[in-house]
1. Out of all the residues in the stretch 73-86, which are part of a loop (DSSP other than H, G, I, E, B) and more than 14 Å from Ile120 (Cβ to Cβ)?
2. For the stretch 5-38, how many residues are aliphatic (A, V, I, L, M) and modelled with pLDDT of 75 or more?
3. Could you please find all residues in the stretch 35-53 being buried (at least 20 other Cβ atoms within 10 Å of the Cβ) and either of a type in the set (Gly, Ala, Ser) or within 12 Å of Phe70 (Cβ to Cβ) (or both)?
4. Among the listed residues Phe70, Phe47, identify the single one that is part of a strand (DSSP E or B) and touching a residue at least 60 places away in the same chain (Cβ under 8 Å).
5. Taking Tyr95, is it at pLDDT below 95, hydroxyl-bearing (Ser, Thr, Tyr) and closer than 17 Å to Gln141 by Cα?
6. Name the pairs: first residue in the stretch 115-137 and over 19 Å from Met68 (Cα atoms) and assigned to a loop (DSSP other than H, G, I, E, B), second residue at pLDDT below 95 and basic (Lys, Arg), Cβ to Cβ under 6 Å, at least 6 apart or on different chains?
7. Would you pick out the residues in the stretch 81-90 that are at pLDDT below 95 and surrounded by 16 or more Cβ atoms within 10 Å (Cβ to Cβ)?
8. Name the residues in the stretch 149-183 that are surrounded by 14 or more Cβ atoms within 10 Å (Cβ to Cβ), hydroxyl-bearing (Ser, Thr, Tyr) and more than 25 Å from the chain's Cα centre (by Cα), would you?
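The values are calculated or read from the model by the stated rules, or taken from the named source; none is laboratory data. What you see is a predicted model; the values in this text were computed from it and never measured. In this analysis, Cβ positions are derived from the backbone assuming ideal geometry, glycine residues included, and neighbour counts consider all displayed protein chains.
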Amino acid sequence: MKNLTLSIVFLLSLTAFSQTKAKINATTLIGIPGIGMETGLGKKTTFQLDFTASLWKSINGGPQEFYMLFPEFRYYPKQKFDGFFFGVHAGGSKYNMQKWNYINTDYYQIGYSMMYGATIGYQLKINEKFSFEVFLGGGSQQGYYKGYRLSTGERYDTNKTDYNKSGEWLPYRGGVMINYKLN
């Protein structure tokens, strides 16, 4: 909680000195809220912090609840907030959900992930205040979790004390953002 508070204070202090955009992801319409702030650092660079969550306690009987936070450095070949961009990020997530290969089973996982990778996207200016952004990001996801049975709540895995570990290279973020320029 302390790190989140420090991040918010950092972002708010940046907004006092540079152009900043508040963002909301279109996935918010289907119950997966995504919000972000992007602020200019230089003529072609920005810093973004975004947060996405799925608050679904159950889908088809299994939990699909997660929270993701990503700080990201972005580079725009033309100028900041205009056209194509490339970003690098490191982030994390906390989850209580069924992994993709356990859907429609009696198993679910509770854990956290560390992620690092890259994002590509495009910002399209609509007018002085509004723009749209389309983006896709992915990279290495390193997960640490404990496995449980939906029916009993007991651990199903043989490792009853430590976390299980898994790592994959995959896409894990993306969407369509509606951006509003604050200053």
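1. Of everything in the stretch 73-86, those that are part of a loop (DSSP other than H, G, I, E, B) and more than 14 Å from Ile120 (Cβ to Cβ) turn out to be Lys78, Lys80, Phe81.
2. 8
3. Answer for the stretch 35-53, where residues must be buried (at least 20 other Cβ atoms within 10 Å of the Cβ) and either of a type in the set (Gly, Ala, Ser) or within 12 Å of Phe70 (Cβ to Cβ) (or both): Gly36, Met37, Glu38, Gly40, Gln48, Leu49, Asp50, Thr52.
4. Result: Phe70 is the single residue among Phe70, Phe47 that is part of a strand (DSSP E or B) and touching a residue at least 60 places away in the same chain (Cβ under 8 Å).
5. Considered against the rule, which asks whether it is at pLDDT below 95, hydroxyl-bearing (Ser, Thr, Tyr) and closer than 17 Å to Gln141 by Cα, Tyr95 comes out as yes.
6. Partner pairs satisfying both residue conditions: Lys129/Lys181.
7. Phe81 - this is the single residue of the stretch 81-90 that is at pLDDT below 95 and surrounded by 16 or more Cβ atoms within 10 Å (Cβ to Cβ).
8. Answer for the stretch 149-183, where residues must be surrounded by 14 or more Cβ atoms within 10 Å (Cβ to Cβ), hydroxyl-bearing (Ser, Thr, Tyr) and more than 25 Å from the chain's Cα centre (by Cα): just Tyr156.
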